[in-house]
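Values in this text are rule-based calculations from the coordinates and carry no lab data. Everything quoted here is computed from the prediction, not taken from an experiment. For neighbour counting, all protein chains shown are included, and Cβ atoms are generated from backbone atoms with ideal geometry for every residue, glycine included.
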Amino acid sequence: MIKIKDFTFQYGGAEKPALHNINVEIEDGEFVLVTGPSAGGKSSLCRCLNGLIPHFYGGKVAGRVEVQGLNTLEHSTKELATRVGMIFQDPENQLVTQDVEREIAFGLENLAFPRNLIARRIEESMDTLGIAALRYRPVYELSGGEKQKVAIASVLALHPEVLILDEPTSELDPKSAEEVLSIVQRLNDELGITIILVEHRLDRVVQHVDRLIALDGGKIIVDGGTRNVLSHNYQEISAAGIGVPPIIRLAYQLKAKGITDAETPLTVKEGRMMLQEVFQKISGKSPEHDEKSTGKPVIEVEKLWHVYADGPTALRNVSLKINEGDFVAIMGRNASGKTTLVKHFNGLLLPNRGLVSVDGIDTRKTTVAELARKVGFVFQNPNDHLFADTVEEEMGFTLKNLGLEGGEVRMRTDEVLARFKLDKYRKQYPRALSGGQKQRVALASVLAIQPRILVLDEPTRGMEYHLKAELMDFLREYAAQGNTVILVTHDVETVAEYAGRVILLSEGNVVVDGDKRDVLSRALLFSPQINRLVQAFGKYGVPDDILTMAEVLQLLK
Amino acid sequence: MISFRYKNRETAIHKLNPFCKLGWVTSIFVIALIINNPIHLLLIFLATLPVVAAARVWREWTLVMKFAFFLCLAIIIINALVSSHGSHVLWRAPFRVPLIGTPVLTVEAVLFGAGMSLRLLAVLSAFAVLTFTTHPDDLMLSMIKMKLPYKSVLVTSLTTRFIPTLIDDVERISDVQRSRGLELDRGNFFQRIRNRMAIIIPLLSNSLDRTVQVAEAMESRAFGQGESRTYYHEIKLNKFDVWILLVSILPLIAGILIRWLGQGDYQYYPTLEKLSFGGLEGLMLALLVLSLCVMVPLAIIKKRIELD
């Protein structure tokens, strides 16, 4: 059992407490979801449970934390390790040895367990996670999902009673994320391990968890049974910027309008039950397709092949055209060639065979720097972008690279800083800003050149809901101004809401290329939640290419 | 990209006990330091080749040798320019350099550089075999067995663990900055260094963040506090390994004997000494080279035995 009583913690050097007067009790075997906006105190809460606070992170402490009867202030992280296991966000940064078996042994070795026990625990935890086949594989060869499973196995080997997972899936693709979460669910269900899961994407997990705790500004704002909280505290949760799954949002809207009074659904199946009666009486027309793009082509790809030097063939005979004003989502499994394709759009990669032309210019006959005037490229992690001493210089760097000078640089900098509401940070060190602000600075540094084409490689991965909405709103507007936006993403919900056209890649081939409504509806698991919900009602005359909540509400009007 | 790291190819050399490989490398290292004679050094270098072949690490080895070649070139050039010993003058500079005097290029100095290069090649070739055929964690374990402090050994092992990650980071960050119009090779020398800061700063800052996260993860898995620790993998020396280890030290003994007999030395200055071999020295040299090469058949026999 975990007891946190009147706990307040302030990191050394911080201005205000990261956790403020926290009171929580968690029973053995509970599955608790901890959510909330970034810097709300989620990670700090995790750290105080396994003693990283205050033994690793120093600071001011008040109150007490007790885990399985041990006061964390008096017992070291090492003593707590056999009771509380912790999994972190980035799988890369928690693996310390060179191969899987040794990785799992690491914690057991530190605790000086005898060899035969270590051997047994290794077998057990590899079997539990289903990774026995990876046993002798070097860690650097594993995929993100496999790495995260190894990390879980290596913690599980210590037989903890409590398992804390701090955003374990935010660096993973949806399929690996689902695998990891279902393993966690099984650990809770079958082994009775208490799970504390930090996650800001609720749609993946709400159906599994017993209890939901939301933190904002270092305080607990909501704590209670999942279904209960999601129906009664909906407003507080969405006001804090926590992304509520579309089905639950829909249920809330329908209840508010008095259309239904059913229990808040947590799964698509429950949602279908809720809507059964409503939909049997209603039929309507499909929502209108977005207008077919008519702009002139800005990117033309003809019979493109790309083979990496010692790797597989990444692209096979890809041909497509992207037009002015298009908002295109490029989707597909991991290693399906998405990133390889878009890296051809600004010349980072050149065709092995075939042709890529941007604005009529063959990418082989120009340079990346030259193309940067036309094509802006935003990568996932803003930390890879930022290096200058001030936000202002960060803008200036891109502009000066492209040969702009003096007054022009100043003017454009002012303009872009104003547009992204970064004015007041202009003299600050960009890397010290918060996650959302860093993302904005990185985006602004690319948009300062006003590129006609904007490519974003998984910009929303691991991003919280309100920041995502902010970014996507901006992109929609940018495309509406006649610019081209190309988005590489796994996020079906975002695509359903914002994109116009979807290109689906598989094994380096274009499988489908068309309007999002045709690509995303009537698909099996690839559809957004709302579409999976309405698919079943096609027989009653409900159009089965509805993708978003707004469209359902429109239909019910 | 050909990777600069250990890959298990399951050859006899890969399966050899790390202590035996360490013994072999140490022998070569010490002999190359105490022996001066270029013929000896050349033979020692050549004696490492059968082992490279048996371990099937030619590709990696060639990369190391390419790097070594440039290093050797630098040694030869710098030594030739700086050292004014030697009596056969090839070229005399028409100017004076403060502290050094008039640079003089002599045959002896060039050959001295070449001799030193042979020494370097022999040692690097041996180390290449060791690093490309031994699992880094096994290497770490053998270091710990030799009473090196665990924490320092772990730091070394962690460094090798994160090299692939670092390479990925560099590639990613260069893509990011090039997409922002950065041209690495624009401007003069200083400008070019400045250009690289756009890659180096994010790289270093990201690595720093990473360090904290790795430390946190290790702490959460009961690392530290200096108490006792088990090692799951154990490097056991069986009887046969002990024999191989002894054989691997044989060349060292031969080398010391050669030096003890007052041979194996060679004077480049002031004029090149004549190369001559006494009967006993020739015998010792043959023994040295033979015992270096004999690792290959021994390793193969060991692999056979363990398969049975």
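Couplings 3J(HN,Hα) for the stretch B:120-130, derived from phi with the Karplus relation 6.51 cos²θ - 1.76 cosθ + 1.60 (θ = phi - 60°), are 4, 4, 4, 5, 5, 4, 5, 5, 4, 4, 4 Hz, where x marks Gly and Pro.
Legend: ranking of residues A:SER176, A:SER286, A:SER44 from fewest to most surrounding C-beta atoms inside 10 Å; resulting order A:SER286, A:SER176, A:SER44.
As a calculated quantity, the FRET efficiency between B:LEU280 and A:ARG364 at R0 = 60 Å, using C-beta atoms, amounts to about 0.35.
Taking label points 7 Å from Cα along the Cα-to-Cβ direction, A:ASN116 and B:LEU166 give a separation of 4.2 nm. Normalising the average separation of contacting C-alpha pairs (under 8 angstrom, six or more residues apart) by the number of residues puts the relative contact order of the stretch A:2-240 at 27 percent. For the pair A:VAL511 and A:GLN554, a Förster radius of 41 Å applied to the C-beta separation gives a FRET efficiency near 0.85, rounded to the nearest 0.05.
If R0 is 25 Å, the Cβ-Cβ spacing of B:LYS145 and B:THR211 corresponds to a FRET efficiency of close to 0.35. Extents of the stretch A:201-324, largest first, come to 55, 44, 26 Å (Cα atoms, principal axes, whole angstrom). With the simple spin-label model, which puts each label point 7 Å out from Cα in the Cβ direction, the A:LEU73 to B:VAL242 separation comes to 5.7 nm.
Here's how it looks for A:LEU505: its modeled amide H is under 5 Å from those of A:MET331, A:GLY332, A:VAL511, which are all 5 or more places away or on a different chain.
Working value for the stretch A:2-240: equivalent-ellipsoid semi-axes of 29, 21, 16 Å, each the square root of 5 times a Cα gyration tensor eigenvalue, largest first. Within the stretch A:1-84, which GluC sites (Glu not before Pro) sit in a loop by DSSP and count at most 12 neighbouring Cβ atoms inside 10 Å? For GluC sites (Glu not before Pro) across the stretch A:1-84 that sit outside H, G, I, E and B with at most 12 neighbouring Cβ atoms in 10 Å, the list reads A:GLU15, A:GLU27, A:GLU74. With coordinates expressed along the principal axes, the C-alpha atoms belonging to the stretch B:149-220 extend over 47, 22, 17 Å, beginning with the largest. Since only B:SER174, B:LEU154, B:PHE189 are under comparison, the one whose Cα sits farthest along the positive direction of the charge dipole of the stretch B:149-220, derived from C-beta charges on Lys, Arg, Asp and Glu, is B:PHE189. Of B:VAL296, B:VAL52, B:VAL82, the residue with the greatest mean-square motion in the GNM of chain B, using alpha carbon springs below 10 Å, is B:VAL82. If you take the Cα centroid of the stretch B:239-308 and the Cα centroid of the stretch A:362-411, the two points sit 60 Å apart.
Note that the stretch A:302-319 has calculated 3J(HN,Hα) couplings of 10, 6, 7, 10, 9, 10, 6, 3, 10, x, x, 6, 8, 9, 10, 6, 8, 10 Hz, one per residue in order, obtained from phi through the Karplus relation 6.51 cos²θ - 1.76 cosθ + 1.60 (θ = phi - 60°); glycine and proline are x.
For the stretch A:271-280, putting each phi into the Karplus relation 6.51 cos²θ - 1.76 cosθ + 1.60 with θ = phi - 60° gives couplings of x, 4, 4, 4, 8, 2, 5, 4, 7, 4 Hz, in residue order, rounded to whole numbers and with x for Gly and Pro. With no solvent and one point per C-alpha, what does the Debye sum give as log10 I(q)/I(0) for chain B at q = 0.07 Å⁻¹? For chain B at q = 0.07 Å⁻¹, log10 I(q)/I(0) is -0.41.
What does the average come to when, for each residue of peptide B:203-216, you count the partner chain Cβ atoms lying within 10 Å of its Cβ? Intermediate results must be reported in sequence, preceding the final value.
Working: counts 2, 1, 5, 4, 0, 0, 4, 3, 1, 3, 6, 7, 4, 11.
Mean shielding count: 4.
The Cα trace of the stretch A:297-526 gives Rg and Dmax of 17.6, 55 Å, the first to one decimal, the second as a whole number.
Taking every DSSP beta bridge that has both ends in the protein assembly as shown, the antiparallel portion is near 55%.
Hey, what angle do you get for helix A:246-256 against the long axis of chain A, alpha-carbon based, 0 to 90 degrees rounded to 10? In chain A, helix A:246-256 runs at an angle near 90 degrees to the longest axis. Just checking the listed ones, B:LYS21, B:LYS236, B:LYS147: in the Gaussian network model of chain B with Cα springs under 10 Å, the one fluctuating most is B:LYS147.
Amide H contacts for B:HIS88 (H built 1.01 Å from N in the peptide plane; partners 5 or more residues away or on another chain; cut-off under 5 Å): B:VAL107, B:GLU108. For A:GLU236, A:GLU179, A:GLU277, the sequence from fewest to most other C-beta atoms within 10 Å is A:GLU277, A:GLU236, A:GLU179. Axis angle, to the nearest 10 degrees, between helix A:100-110 and the longest C-alpha principal axis of chain A: 40 degrees.
Put simply, the amide H of A:ILE221, placed in the peptide plane, has neighbours under 5 Å in A:ALA214, A:LEU215, A:ASP216, leaving out anything fewer than 5 places away on its chain. Dipole of the protein assembly as shown computed with +1 at Lys/Arg Cβ and -1 at Asp/Glu Cβ about the Cα centre; of B:GLY262, A:TYR478, A:ALA157, farthest Cα towards the positive end is B:GLY262.
Hey, what did chain A get for relative contact order, percent, Cα under 8 Å, at least 6 apart?
Working: 1067 pairs, mean separation 74.6, N = 557.
Relative contact order here is 13 percent.
From the P(r) of chain A, could you give the percentage of C-alpha pairs in the tail past 39 Å? Don't jump to the answer; show the numbers that get you there.
Working: 52741 of 154846 pairs.
Beyond 39 Å sits 34 percent of the P(r) for chain A.
Neighbour counting of Cβ atoms within 10 Å sorts the residues A:MET463, B:MET143, fewest neighbours leading, into B:MET143, A:MET463. For the stretch A:213-310, the dipole from Cβ point charges (+1 on Lys and Arg, -1 on Asp and Glu) about the Cα centre works out to 340 debye, to the nearest 20.
How large is the helix-only mean residue ellipticity at 222 nm for chain A, computed as the sum of -39500 (n - 2.57) over DSSP H runs with n ≥ 4, divided by its residue count, in deg cm²/dmol to the nearest 500? The partial results should precede the final answer.
Details: 21 runs with 201 residues, N = 557.
For chain A, the value works out to -10500 deg cm²/dmol.
Students often forget the sequence filter, so: which lysines lie under 16 Å Cα-Cα from A:LYS16 once same-chain residues fewer than 8 apart are removed? Partners found: A:LYS42, A:LYS60, A:LYS219. About the centre of its Cα atoms, the stretch A:297-526 shows a dipole size close to 180 debye [charges on the beta carbon of Lys, Arg (+1) and Asp, Glu (-1) only; nearest 20 debye]. For the stretch B:80-164, what percent of Cα pairs sit more than 20 Å apart? For the stretch B:80-164, the share of Cα pairs beyond 20 Å comes to 60 percent.
Here the alpha carbons of the stretch A:1-82 define both size measures, Rg and Dmax, at 12.1, 36 Å.
Straight-distance candidates among the aspartates and glutamates for linking to B:LYS7, with alpha-carbon spacing under 15 Å and chain neighbours fewer than 8 residues away dropped: A:ASP99, A:GLU141, B:GLU60, B:ASP137, B:ASP138. Spin-label pair B:PHE70-A:ALA62: with each label point 7 Å from Cα along the Cα-Cβ axis, the two points sit 6.0 nm from one another. Across the options A:GLN380, B:LEU46, A:PHE345, the greatest Cα extent toward the positive end of the charge dipole of the protein assembly as shown (unit charges at beta carbon of Lys, Arg, Asp, Glu) belongs to B:LEU46.
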